[in-house]
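Chemist: Once you've had a glance at the structure underneath, I'll fire off some questions.
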Amino acid sequence: MLINRFAIFRYFSVCLCVLVFFIATPPPAKLSASESGVTTFDLPDLGSSPPESATFSPNVSASGAGFSYRDSNNGELLTISTHYDRLNGAGINGSLASAIGQNSAIGVLFLYGEDENEWIVNLGVDLSPLHRMLLSVGQQRQDLDFDFMSGEQNAVVTQSNAALSYQYTLGESWIKAAELNAYFSNTDSIDLADKTISTDTESLYELWSDPRRVAGGRLQGAQSRLVVAPTADLGLKIGLGFERLTYDYFTGDETSSYVTGSAELLWRIDEELNFHASVNAAASQNRYTLGFDKRFKSGSQFGIDFSTVEGRDGVLSNNQVEFTFTRVFGSDSSFSRSSMSGKHSASVEQGPNTRGAAWFSTLPWVGSLVEQVSERPSFFSSQVIAKVDQTAKAVRLTAVDKTALPNGSTVAESTGSIAVPIGETISGILAVTLNDAVFNNTGQFTWSDSGSLIIHPDLIAQPAVGDIDTYVVTMKDASDDQEKWAVVKVSNGSVRIDSVTIFSSQEPLVLSASATSIVSLTGTSTLSASGGSGSGAVSYATEDDCTIEGSTLTAGSTIGTCTVTATKAGDGDYAEATATLDITV
């Protein structure tokens with residue numbers, strides 16, 4: 001970061017030095033007024049040469065610095081300039097426009113930068129002195145940062161643009177020209193790799209999968225515009241149109257329709273000061289620009305421009321403030337500006353007779369075809385039409401109720417795996433059951449050398465809605481071959497681990513009776529159990545022809561054997577234990 005800032009500072013300093021040099025340097029020739037009243041240069045007689053005009057324009061802005069070079073020679077127009085802004089980084093842009101016949105011209109525009117690339121080809125044809133057609137095609141690529149639930153992610157987004165324009169010059173009234181524009185833009189959607197993120201509080205751990213999808217947009221638009229001159233020094237281009245914007249969402253296309261409007265104003269305040277402004281309200285973004293151009297007697301020009309792009313509904317925005325100084329060399333003292341950002345490119349000749357219609361005819365809206373094909377169509381969006389797809393919802397993979405885990409349990413932040421301390425070293429997992437049926441453990445439950453049971457929720461199947469699956473994991477204690485059990489309860493709503501309970505095996509339970517041989521119908525025996533562990537209660541049961549009331553066994557009418565089972569219930573630390581005894585009747 002330090003190196004980048006130093007490089008930008010050095011770049012800024014060099015451009016500033018060039019700017020100071022051209023301000024201090026006197027004009028290359030004395031200025032005088034021609035018979036037509038248009039300002040020209042008086043040059044020494046160097047022999048005949050083709051008409052030529054060149055400008056070199058250092059510029060400094062709030063976000064960077066650069067320069068522009070512009071050359072017009074034999075019906076060709078070349079512009080080159082560098083720029084830097086905080087959204088798209090450093091780059092170089094320009095255009096080459098040329099007449100390709102008496103009534104046609106072609107313009108090639110390019111922008112190459114760190115985070116943005118664009119090319120546009122404009123083809124213009126004058127069908128007659130009053131009718132003009134322009135065809136524009138291009139592609140725009142931007143390297144942008146999108147803010148997903150899982151964090152900021154960089155992606156290269158590509159947008160294709162096409163447009164067809166028809167212009168009609170109306171004559172000498174204050175309504176100078178009319179035009180119809182139809183245009184189309186398409187941005188491809190991007191499916192980035194899913195990313196898992198976790199949230200962890202004292203009571204709940206959650207693991208999410210964020211799909212990270214960029215939704216591209218498809219824009220179809222049409223707009224009609226009028227070029228008017230309400231006064232001799234005021235030019236206005238106003239437009240009204242319709243745009244249909246479709247976003248390619250994960251859940252399907254979503255289309256919206258918008259009424260759009262635009263207005264571009266050029267106002268010649270006096271012989272040396274011009275003001276320009278524009279507003280463009282479109283479906284995906286609103287754009288605003290305004291600025292001033294000041295001409296000095298030395299022939300130099302100074303301009304300041306403010307521009308902002310406000311993206312709608314998630315489309316990115318951008319802001320720029322630009323200061324421009326221009327020094328003209330050659331046989332033409334006209335001032336002009338060209339920019340891939342879509343600003344106007346007016347060539348305003350200075351002189352006492354250039355006011356009114358003569359001044360207005362030099363504007364790019366109704367002027368030179370070569371000038372017009374060298375400009376980026378203003379209805380093309382400044383930013384690619386793309387945004388984070390909010391319909392591609394994040395999916396919760398795992399949830400763990402941390403309040404229902406044994407003390408000392410931990411949850412891995414990146415995977416959600418649960419390490420449950422057993423207390424002794426585990427030599428292996430003997431068996432796993434699911435809802436009392438045998439379960440094939442393929443990695444859902446493992447153990448560690450440190451004596452912990454590892455539960456992997458990402459490998460456990462999600463239960464049906466409303467169901468609770470109960471897994472019982474039987475483990476073997478390496479120290480005394482005693483068994484231990486883990487009871488894991490899992491519910492729906494992702495794989496949600498509701499509780500984990502660890503049980504150890506009890507000491508052996510011993511069942512005894514006061515008499516192991518009793519008489520049918522009249523004989524009884526008192527049962528008692530000893531041993532076992534924990535605080536569980538003992539109960540007795542038999543399925544033979546005997547009855548048990550409390551701890552007293554009474555023989556029935558059948559001669560044979562009564563098998564009695566004593567069960568000591570499990571508690572929070574121990575599983576249940578059983579013992580059996582046969583009593584002869």
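Chemist: Go through the residues of region 455-466 one by one and say whether even a single one is assigned to a strand (DSSP E or B) and not polar (S, T, N, Q).
Modeler: Within region 455-466 (the criterion being assigned to a strand (DSSP E or B) and not polar (S, T, N, Q)), the answer is yes, since at least one residue qualifies.
Chemist: Right, here's the next one. Pairs please, first residue from region 210-221 and farther than 21 Å from PHE379 by Cα, second anywhere and of a type outside the set (A, V, I, L, M, F, W, C) and part of a strand (DSSP E or B), Cβ atoms under 7 Å, 6+ apart in sequence or on different chains.
Modeler: Qualifying pairs under 7 Å: ASP210/LYS195; ARG212/GLN153; ARG212/LYS195; ARG213/ASP191; ALA215/TYR247; ALA215/ASP248; ALA215/TYR249; ALA215/LYS387.
Chemist: Sort through SER198, SER262, SER257 and tell me the only one that's under 30 Å from LEU405 (Cα atoms), among the small types (Gly, Ala, Ser) and modelled with pLDDT under 95.
Modeler: So the residue among SER198, SER262, SER257 that is under 30 Å from LEU405 (Cα atoms), among the small types (Gly, Ala, Ser) and modelled with pLDDT under 95 is SER198.
Chemist: Considering only region 389-399, how many residues are open to solvent by 30 Å² or more (accessible area, probe 1.4 Å) and assigned to a strand (DSSP E or B)?
Modeler: Within region 389-399, residues that are open to solvent by 30 Å² or more (accessible area, probe 1.4 Å) and assigned to a strand (DSSP E or B) number 3.
Chemist: If ARG376 meets every condition in (1) assigned to a strand (DSSP E or B); (2) charged (D, E, K, R); (3) surrounded by 24 or more Cβ atoms within 10 Å (Cβ to Cβ) apart from one, which number is that one?
Modeler: Every listed condition holds for ARG376 apart from (1).
Chemist: Here is a further query. Of all residues in region 484-495, which are open to solvent by less than 30 Å² (accessible area, probe 1.4 Å), assigned to a strand (DSSP E or B) and touching a residue at least 60 places away in the same chain (Cβ under 8 Å)?
Modeler: Selection gives LYS484, ALA486, VAL495.
Chemist: Would you mind finding the one in ASN122, ASN117 that is crowded, with 18+ Cβ neighbours inside 10 Å, at pLDDT below 95 and within 22 Å of THR187 (Cα to Cα)?
Modeler: ASN117
Chemist: Going residue by residue through region 442-464, is there one that turns out to be of a type in the set (D, E, K, R) and free of Cβ contacts under 8 Å to residues at least 40 places away in the same chain?
Modeler: yes
Chemist: Any idea which residue in region 432-454 is least open to solvent (accessible area, probe 1.4 Å), counting only those that are assigned to a strand (DSSP E or B) and at pLDDT below 90?
Modeler: SER452
Chemist: Check THR547, THR578, THR563 and return the single one that is open to solvent by 30 Å² or more (accessible area, probe 1.4 Å), assigned to a strand (DSSP E or B) and touching a residue at least 40 places away in the same chain (Cβ under 8 Å).
Modeler: THR578
Chemist: Residues to consider are ASP477, ASP498, ASP469; find the one that is without any contact (Cβ under 8 Å) to a residue 40 or more places away in the chain and of a type in the set (D, E, K, R).
Modeler: ASP469
Chemist: While we're here: For region 473-483, what are the residues that are within 50 Å of the chain's Cα centre (by Cα) and either among the acidic types (Asp, Glu) or surrounded by 18 or more Cβ atoms within 10 Å (Cβ to Cβ) (or both)?
Modeler: VAL473, MET475, listed by residue number.
Chemist: From the residues in region 404-431 that are in a loop (DSSP other than H, G, I, E, B) and of a type in the set (Val, Ile, Thr), which one is farthest from ASP458 (Cα to Cα)?
Modeler: THR425
Chemist: From the set of residues in region 299-310 that are over 20 Å from LEU266 (Cβ atoms) and surrounded by 20 or more Cβ atoms within 10 Å (Cβ to Cβ), which is modelled with the highest pLDDT?
Modeler: Going through the qualifying residues, I end up with VAL309.
Chemist: Taking region 507-532 as the search range and keeping residues that are of a type in the set (Gly, Ala, Ser) and within 15 Å of THR561 (Cβ to Cβ), which one is most open to solvent (accessible area, probe 1.4 Å)?
Modeler: SER517
Chemist: Oh, and also: Inside region 174-272, counting only strands (runs of 3 or more DSSP E) that do not spill past its ends, which hold 1 or more residues that are open to solvent by 20 Å² or more (accessible area, probe 1.4 Å) and within 30 Å of ASP498 (Cα to Cα)?
Modeler: The qualifying strands (runs of 3 or more DSSP E) are 195-200, 204-210.
Chemist: Quick check on this structure: which one of ALA155, ALA162 is open to solvent by less than 20 Å² (accessible area, probe 1.4 Å) and in contact with a Phe, Trp or Tyr (Cβ under 7 Å, 6 or more places away or on another chain)?
Modeler: Selected residue: ALA155, the only one of ALA155, ALA162 that is open to solvent by less than 20 Å² (accessible area, probe 1.4 Å) and in contact with a Phe, Trp or Tyr (Cβ under 7 Å, 6 or more places away or on another chain).
Chemist: Is it fair to say ASP498 is closer than 30 Å to PRO421 by Cα, charged (D, E, K, R) and open to solvent by less than 70 Å² (accessible area, probe 1.4 Å)?
Modeler: So ASP498 fits the description; yes.
Chemist: Being open to solvent by less than 60 Å² (accessible area, probe 1.4 Å), in contact with a Leu (Cβ under 7 Å, 6 or more places away or on another chain) and touching a residue at least 40 places away in the same chain (Cβ under 8 Å) is the requirement here; does LEU553 meet it?
Modeler: Yes; evaluated as a whole, the condition is true for this residue.
Chemist: While we're looking at this one, here's another question. Please work out which residue is nearest to the chain's Cα centre (by Cα), limiting yourself to region 284-298 and to residues that are among the small types (Gly, Ala, Ser) and surrounded by 16 or more Cβ atoms within 10 Å (Cβ to Cβ).
Modeler: Ranking the qualifying residues of region 284-298, first place goes to SER284.
The values are calculated or read from the model by the stated rules, or taken from the named source; none is laboratory data. Since the structure is predicted, the reported quantities are computational estimates derived from the model, not experimental observations. Positions of Cβ are backbone-derived with ideal geometry, glycine not excepted, and every protein chain shown enters the neighbour counts. What goes into the accessible areas is simple: the full protein's heavy atoms, side chains included, and nothing from ligands, DNA or RNA. Shrake-Rupley method; radii C 1.70, N 1.55, O 1.52, S 1.80 Å.
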